[in-house]
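For reference, the structure discussed in these notes is given below.
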Amino acid sequence: MSDSLNLSCVAELPQQRSFLQNVIPVLADIESIQAIWLVGSLARGDADRWSSVDLCLLWNASASDALADVSSQCEALRAALSRALGDGCYLLDQVSERVGGGSLQGITLTSTVPIERRGSGDGAVEGCVGFSIDWAAVSAMARTLRSWHGLAQPLFIADCLPDDLRRYLQGKFATLNPPAADVVDAHLGRFWSLLARLPAVVKRREDLAAHALLTELRTVLIDLVVALNGASRPQSPARINQYLGAAQQAAFEKTLGNDKARWIGQAVALIVLYRWYAPQLAEIYSLPYPHRAEQTVLAWLRAEIDGWPAQITTG
């Protein structure tokens, strides 16, 4: 089957191509798997040599199937990865099982160590390839998986797949999903609920916790700005810049500060950005601006954190 795979999207990415050539035929040999499709940066066409391989698949498990339950499906996929990549040649760092499906996430491991440096004259570098496999055990969830990820490239479709689902999986989808109003609404409020935790970590001098909190706060705000740009950002921590304009990217980078910057300065910078973008989102999506949350949290921060500014001016 590997000869018939359309892998033009990884023509210049030998490690990702090798992963797909090895893994897809083994997965397709599992009788219950009816469809496999590629998503993420490889499907969108903006992948590079560090991109992960993101796969979705439809598992048509009947009640009489020995692999009908999610745990059995998960074990079957682990075994398939071992057959395709070799025992001990992959590491799973996240395994999730849910009603009607699940996901595996990990990296490939080299069979020879150390890895040669690029440009050493010894040929291509043999390194880690990140991968994720999301699967749905019922058709309805397969449609949800398909819609979550935007653009997709079918790699395998079984002959027994119903025609309506075949058309759906092969249909045209936008490269990026549009933003959802309920998600925007939740993020507008979540910004303030996260910020309300800042006094505790600052007072306790929990610098690691403060860093983690402000990182989460910044991520919520980035997703709001991407929504303002008319899209829903794929949840990949390694790909953010391409979803922001140059001025937006520069503004967020200023909130990172440097070694001498403290949490107050970073938090204030994020509040300034929020006040600039959040009213625009509230107007576009006809959502209430969380004035009460803003007033309450800012008053709490002024009362609890020494040196918190009495007023924050948005330019």
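Since every read-out is calculated from the coordinates, none of them should be taken as a lab result. Nothing here was measured: the structure is a model prediction, and the numbers come from that model. Reconstructed Cβ throughout: ideal geometry from the backbone, glycine too, with neighbour counts over all protein chains shown.
Each of Tyr168, Tyr243 was scored by other Cβ atoms within 10 Å of its Cβ. Listed from fewest to most, they are Tyr168, Tyr243. Each peptide in 290-303, 23-36, 73-86 was scored by the mean count of other Cβ atoms within 10 Å over its residues; highest first, the order is 23-36, 73-86, 290-303.
Here's how it looks for Leu155: its modeled amide H is under 5 Å from those of Ile36, Trp37, Leu38, which are all 5 or more places away or on a different chain.
Peptides 273-279, 130-136 ranked from most to least packed by the mean count of surrounding Cβ atoms within 10 Å: 130-136, 273-279.
Is the C-alpha gyration tensor of segment 181-304 telling us rounded, prolate or oblate? Criteria: a/c under 1.5 is rounded; beyond that, a/b larger than b/c is prolate, otherwise oblate. Oblate, since a/c reaches 1.5 and b/c is not below a/b.
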